[in-house]
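The values are calculated or read from the model by the stated rules, or taken from the named source; none is laboratory data. Predicted, not measured: the structure shown is a model, and the values here were computed from it. Using ideal geometry, Cβ is built from the backbone for each residue, glycine included, and neighbour counts are taken over all protein chains shown. When the accessible area is computed, the model is the full protein with side chains, heavy atoms only, and any ligands, DNA or RNA have been set aside. Shrake-Rupley method; radii C 1.70, N 1.55, O 1.52, S 1.80 Å.
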Amino acid sequence: MSDITLQGRMVHGGVAEGEALVTKSPLGGFGTFDFDSGDIVDLNHEWYGKNIKDKVLVFATASGSSAWTIAHQALRFVDLSPAAYVVRENNPQTALGSVVARRPCITDLNQDPTEVIATGDWVRVDAERGIVEVTKRCAADR
Amino acid sequence: MLKLERDEREMLAGDLGPARQRAMALLVKYANALGADRFIDIRNVTIIPGSIPNVEIVRKIVPSMDIDEIASRFMLDSDERVVVDKVKAFTTTNATWRDQAYPELQKGSKAHCDLLQRLAEYCKRIGMIHLATCTPYQVGNLPVRGEHIAWTESSAVAYSNSVIGARTNIEGLHSAFAAAITGKIPNWGMHLDRNRRGKVLVEVAVDMSDLREWSLLGYYVASQVGLNLPIYEHINHLPDLTQLMALCAAGISGGSVVMHHLVGITPEAPTVEAASGGRRPEFELRFAAAERRRTYEWLNRSGKDAVDIVALGCPHCTLESLRQIAELLDGKKISANTKLYLTTNSMIKAMGAIQGYNAVIEKAGGLILQDSCCLELAVDPDNVFATNSGKLGHYAPGATGLKHTWFGTLAECIDAAVTGKWRGELP
């Protein structure tokens with residue numbers, strides 16, 4: 001049973017679940033990832049050093065270069081893709097990026113996902129239904 | 001709900017061949033992802049094939065290294081190999097290629113250099129112009145005000161929207177390629193009047209005469225506004241091309257500023273009211289001494305003053321910058337411990353040769369790279385790096401692994417190249 005259910009709009013279809021990685025900041029593409037490990041290598045980003053493989057990425061929007069979509073497609077090619085994207089404000093990079101990454105993506109949620117979801121929560125994304133189910137990680141587990 | 005016109009349906013059905021079918025199919029997915037209701041005709045594209053992943057990833061996905069299959073997979077996201085005849089739109093290539101004269105200086109060395117040369121030949125084969133620049137508006141791709149275009153290169157997107165008044169979202173490689181093939185792009189975002197209005201009013205309370213300030217202003221505001229467009233007012237200095245490029249580049253690397261308004265300067269901002277569409281700003285910001293200093297400190301991450309690399313030309317060096325650099329270096333020698341790299345495109349470099357600027361810069365020990373990008377340099381991550389570009393200062397750590405980066409004026413960068421020491425400071 002999930003603790004919280006958010007309703008939003010599908011950006012790209014699919015169903016996936018995983019542990020959430022959450023930031024109120026935007027997420028980049030170019031110069032953001034190490035393609036051997038899936039680690040974030042952008043020194044400017046609060047996720048620096050974190051690994052994105054199989055995570056549900058919850059973030060404000062996409063920032064930076066038009067190479068965003070190249071990077072997110074490349075993560076798929078090297079089997080380091082995140083499980084899904086939950087984006088507060090969709091933009092061209094997150095839209096095309098989730099299409100070429102071929103991962104589920106949801107936006108325009110009825111609550112700010114970067115407020116409601118915390119890093120470590122278990123998140124299930126059902127993009128066609130526009131549903132994000134959040135199971136809070138117990139305080140004791142943190 | 002996305003509605004397709006007859007020509008779009010024909011392309012999607014495959015009536016005009018498999019390449020247009022794949023391109024249209026991708027655009028339909030993209031339009032649905034955006035929530036667009038229709039497509040718009042475009043005839044001007046800037047595309048970024050030079051940023052495809054490294055040669056190991058390309059070989060993993062396309063072991064044959066067949067160039068049409070590489071383009072299909074990496075540029076069109078098509079699992080099926082399609083052969084593109086000619087692109088429909090006037091299409092020019094972005095930077096991030098390799099200067100073929102110096103393969104060892106750039107990431108991926110000779111193997112990646114060779115792959116990108118084959119990809120450049122492919123681009124030419126299908127009718128693209130291989131401008132290889134992040135500033136196409138400097139050298140032959142200059143859209144007109146109100147024109148709908150499909151551009152990659154974030155700084156050029158911001159320049160197009162803000163300074164030229166052309167209309168584009170930040171396209172990616174895949175959507176730009178599909179747009180080049182079909183002449184279509186989703187009618188969404190910056191293509192629509194209502195999304196071009198400024199929402200954040202920024203009071204500019206510092207002297208804006210030096211290039212450095214334009215990087216600082218853009219970088220600071222980008223960190224504050226999210227996807228809202230800023231309206232800059234009370235700017236005390238009419239910016240030149242290089243300064244506008246710096247503002248655009250910093251605003252979209254430090255955040256997502258796809259368009260800004262400079263009141264009394266840029267075409268859609270004769271007044272604050274015109275720039276905002278007569279609506280009250282969602283919030284206001286002030287860029288004064290404290291914000292300026294804080295931003296300067298974000299971009300200056302080094303405690304080491306011995307500089308290994310000085311990088312200029314991000315976005316690609318203008319003729320005016322090339323002239324200034326040549327004047328600053330005339331009769332000087334670059335420190336034996338320091339490398340000076342300058343990036344621009346082949347057309348500006350050719351003009352620099354005609355003017356004698358290149359000879360002066362090269363005699364001093366500097367290197368002018370064409371078609372490439374300073375972020376494509378192969379560097380030792382422990383090197384100390386200095387630049388006059390806010391964009392380069394932002395991306396260098398992630399793109400190259402550099403941890404020690406300095407940011408300052410052009411004169412400070414040239415001084416660092418000549419003395420090998422960083423002596424920049426913010427007055």
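Residue-by-condition table, conditions (1) in contact (Cβ under 8 Å) with a residue 12 or more places away in the chain; (2) more than 12 Å from every other protein chain (Cβ to nearest Cβ); (3) open to solvent by 50 Å² or more (accessible area, probe 1.4 Å):
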| site | (1), (2), (3) |
| --- | --- |
| A:9 | yes, no, yes |
| A:13 | yes, no, no |
| A:21 | yes, yes, no |
| A:29 | yes, no, no |
| A:38 | yes, yes, no |
| A:48 | no, no, yes |
| A:54 | yes, yes, yes |
| A:58 | yes, yes, no |
| A:64 | yes, no, no |
(request) All but one of (1) within 21 Å of residue A:98 (Cα to Cα); (2) open to solvent by 10 Å² or more (accessible area, probe 1.4 Å); (3) modelled with pLDDT of 95 or more hold for residue B:176, so report the exception by its number. (result) (2)
(message) Among the numbered criteria (1) in a helix (DSSP H, G or I); (2) over 20 Å from residue B:169 (Cβ atoms), which one does residue B:238 miss?
(response) (1)
(request) Give the number of residues within the range A:78-90 that are within 11 Å of chain B (Cβ to nearest Cβ) and either open to solvent by less than 10 Å² (accessible area, probe 1.4 Å) or among the basic types (Lys, Arg) (or both). (result) 3
(message) Just checking, does the range B:78-91 include any residue being open to solvent by 10 Å² or more (accessible area, probe 1.4 Å), free of Cβ contacts under 8 Å to residues at least 24 places away in the same chain and outside any helix (DSSP H, G or I)?
(response) yes
(message) Which of the numbered conditions does residue B:139 fail, given that it passes all the others? Conditions: (1) open to solvent by less than 20 Å² (accessible area, probe 1.4 Å); (2) within 14 Å of chain A (Cβ to nearest Cβ).
(response) (2)
(message) Pull out all pairs, ordered by first then second residue, where Cβ-Cβ is under 6 Å, the residues are six or more apart or on different chains, the first lies in the range B:234-258 and is of a type outside the set (Gly, Ala, Ser), and the second is open to solvent by less than 20 Å² (accessible area, probe 1.4 Å) and part of a loop (DSSP other than H, G, I, E, B).
(response) B:235/B:208; B:236/B:208; B:237/B:208; B:241/B:318; B:242/B:318; B:245/B:315
(request) May I ask you to verify whether residue B:2 is farther than 30 Å from residue B:138 by Cα, in a loop (DSSP other than H, G, I, E, B), in contact (Cβ under 8 Å) with a residue 12 or more places away in the chain and open to solvent by less than 50 Å² (accessible area, probe 1.4 Å)? (result) yes
(message) Looking only at residues that are open to solvent by 10 Å² or more (accessible area, probe 1.4 Å) and away from chain A (no Cβ under 14 Å) in the range B:392-410, which one is nearest to residue A:39 (Cα to Cα)?
(response) B:406
(message) So, in the range A:91-123, exactly how many residues are closer than 25 Å to residue B:79 by Cβ, open to solvent by less than 10 Å² (accessible area, probe 1.4 Å) and in a loop (DSSP other than H, G, I, E, B)?
(response) 1
(message) Based on this model, can you work out whether residue B:146 counts as in contact (Cβ under 8 Å) with a residue 12 or more places away in the chain, assigned to a loop (DSSP other than H, G, I, E, B), buried (at least 24 other Cβ atoms within 10 Å of the Cβ) and not β-branched (Val, Ile, Thr)?
(response) no
